Amino acid sequence: MMNKIAKLSLITFSVCCFLSCNENKAKQETTKETTTLKDAFKDNFQIGVAINQHQINESDTTSAKLIANEFSSLSPENNLKWMYIHPQPDVFNFEQPDKYVALGNKHNMQVVGHTLVWHSQLGEWVNQIKDSTEMIAHLENHINTIVSRYKGKIDDWDVVNEALNEDGTLRESIFLEILGEGYLERAYKLAAKADPDAALAYNDYNLTKPEKREGAIRLVKQLQAAGAKIDGIGMQGHWSLNGPSIEEIEESIIAYSELGIKVMITELDITVLPNPWDLEGAEVSQNFEGSEKMNPYPEGLPDSVQVQLAERYEEIFKLFLKHEDKIDRVTFWGLNDGNSWLNNWPIDGRTNYPLLFDRNQNAKMAYDRIVALKK
Ligand code: G3I
C-alpha cells in the first residue's frame, strides 16, 4: 500500500506536470501568435510587400504597423515609375519616392526600386522622342539622376521591366524602336555606374512559360556577355489557384538560378476569380464588366475557396523553401485584398481575394498555413 507521503508526492508531481504542460502549451500559443511573416522566413528569404501612396504616407496606422511588423522588404507599387518620378524632360518629382525610401530605411528594410525602364506608365513625352541621341541623353539623365539620388538607400533595382513578348522575343517599345536591342545593356551599365553596390534585376511576368523563359535566359546571357551587371531575375508571381504548376515554377527557378544570379518572386498574388481567357472562345477584349460569372464573390469568399487559396499558397511556399538557396526575396503585390490591382484587372470593379490579409487587415488562413511551414 502506498503510504500517505508517497501518495502526496505523486499528486504534487502530477499537478506540476499538468501545470508545466499547460504552460508550454500557452507558450507555444503565444509563440504562434507573435510569429510574423518576416520572422518565420528570416533564415530563408526576405518577405516583401508592394505599397501604395497612402501606405507610403502611413495614413492608416493599422497598415503601417502590419508593413513594419510583417515584412523585411519594400517595393513601390507605382510611385517610382517614370510617369510619376520624371513627368517632364526637365522635371523630377521626388516627394513620394523620398518618403518611400525613408520609410524602408526607418524600418531597416530591404528597399526595392521599381522600375527604371518600362514601356508602360511612361511620361507621355518619352513616347514622342524621335532620335537616338535625344533618347540616350534622356535615358542617361533619368537613370543617373534617380539611381545616384538613392545610392546606398535603394538596395535592388528592377532596371528593365517586361521587355519580352510571350514568345520570348523583345517587345516593341519606344526604347527598342529608337535604340535597338542595345537599350537593355545601356540601361544596366548606367545603373551600375550610378550605384555599383545596388543589386540589378530584370523583372517580368509569365516567366514560367517555356518560350518566355528561354527569352529571359537569352536576355540575361546577352547582358552577361556584354559585361553588364545583372544580379537577379524577378519572376512576377501573378498566378492563379490552378496555374502555373509547381513543376513549371520549380523548373524556372532552377533554370534562372543556373545563370549564376538570384531569383526573386517579385509580385506574388493569387487570383481566385475567373478571367476571360479561362472561358472557351472568350475574346479577352470582350466587356465582362458587371458579369456575375466573372465576379462570383462580391460579398465574401466562400470557406471552400479560402481553403483552396490556403492550400495553393502552402504548396508554393513549400517549393520556395525547397529552393531557399536560390531565392533572395518573395514580395507580395499589395498588403491586403482591398489594395489589390486585381480588383480592377482585367475587369474593372471586381472583388478579388489574392493576398494574405483580408479587407479588415486580418491574416487569412493562407497566412497561417505558410507560417506553419516553419513550425
Ligand atoms: O493616380 C491615378 C489617380 O489620380 C486616378 O484617380 C485613378 C483612377 O483613374 O488612377 C490612378 O492611377 C492608377 C495607378 O495604378 C495608381 O493607382 C492607374 O489608373 C492604374 O492603371 C495603375 O495601375 C497599376 C498598374 O501597374 C499600371 O500598369 C497598378 O496599381 C499596379 O499594381 C500595377 O503594377 C504592375 C507592375 O508595376 C509591373 N508588373 C505588373 C503589375 C500589374 O500590372
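Side notes on the structure shown:
- Principal axis dimensions, segment 153-241 - Cα atoms, whole angstrom, descending: 39, 30, 23
- Note on TRP239: accessible area approximately 20 square angstrom, rounded to 10, probe 1.4 Å, nucleic acids and ligands left out.
- Nearest-ten-degree value, helix 182-194 long axis tilted from longest Cα axis of the chain: 60
- The chain: projected area of the alpha-carbon convex hull, averaged over directions, in nm²: 24.6
- Rounded Å value of the spacing that divides the Cα centres of segment 276-350 and segment 183-262: 23
- The listed residues VAL91, VAL147 rank as VAL91, VAL147 when sorted by accessible area, largest first, using a 1.4 Å probe.
- The string of couplings for segment 135-151 from the Karplus curve (6.51, -1.76, 1.60, θ = phi - 60°) is 5, 4, 4, 5, 5, 4, 5, 4, 6, 4, 5, 6, 5, 6, 4, 9, 4 Hz, one whole number per residue in order, with x for Gly and Pro.
- Reported value for segment 79-226: 104 Å³ per residue, from the convex hull of its C-alpha atoms.
- Evaluated over segment 261-375, the count of Lys pairs having alpha-carbon atoms less than 20 Å apart is 12 (only pairs 8 or more residues apart or interchain).
- A 1.4 Å probe run over the protein chains yields, for the chain, 47 Å² of accessible area per residue, whole-number rounding.
- Segment 93-106 - phi-based ³J(HN,Hα) in whole Hz, Karplus 6.51/-1.76/1.60, Gly and Pro as x: 10, 9, 4, 5, x, 4, 5, 4, 5, 4, 4, x, 5, 4
- Full-extension gain in nm, HIS323 to VAL91, via 0.36 nm per residue minus C-alpha separation: 79.2 nm
- For segment 203-337, the alpha-carbon coordinates run over 52, 32, 25 Å along the three principal axes, in decreasing order.
- Distant-in-sequence amide H partners of LEU164 (H built 1.01 Å from N, under 5 Å): ARG171
- Linear extension gain, ALA102 paired with GLN222, 0.36 nm per residue minus alpha-carbon span: 39.7 nm
- Rounded to whole Hz, the Karplus (6.51, -1.76, 1.60) HN-Hα couplings of segment 223-237, x for glycine and proline: 5, 4, 5, 7, x, 7, 7, 9, 9, x, 10, x, 8, 5, x
- By accessible area with a 1.4 Å probe, ligands and nucleic acids excluded, highest first: order of GLU314, GLU162: GLU314, GLU162
- Taking amide H positions as modeled 1.01 Å from N, with prolines and chain starts lacking one, the residues under 5 Å from PHE332 and 5 or more places away or on another chain are GLY48, VAL49, ALA50, LEU268.
- Summarising the amide proton neighbourhood of LEU207: residues at separation of 5 or more, or on other chains, whose placed amide H is nearer than 5 Å comprise GLN236.
- In the elastic network of the chain, a GNM with C-alpha springs shorter than 10 Å, the most mobile of THR266, THR331, THR35 is THR35.
- About the centre of its Cα atoms, segment 244-375 shows a dipole size close to 560 debye [charges on the beta carbon of Lys, Arg (+1) and Asp, Glu (-1) only; nearest 20 debye].
- Heavy-atom accessible surface of HIS138, to the nearest 10 Å², is about 40 Å², with a 1.4 Å probe and all protein chains retained.
The values are calculated or read from the model by the stated rules, or taken from the named source; none is laboratory data. What you are looking at is a predicted structure, and each value in this text was computed from that prediction instead of being measured. Cβ atoms come from the backbone with ideal geometry, glycine included; neighbour counts cover every protein chain shown. SASA here: full protein model, heavy atoms, side chains in, ligands and nucleic acids out. Shrake-Rupley method; radii C 1.70, N 1.55, O 1.52, S 1.80 Å.
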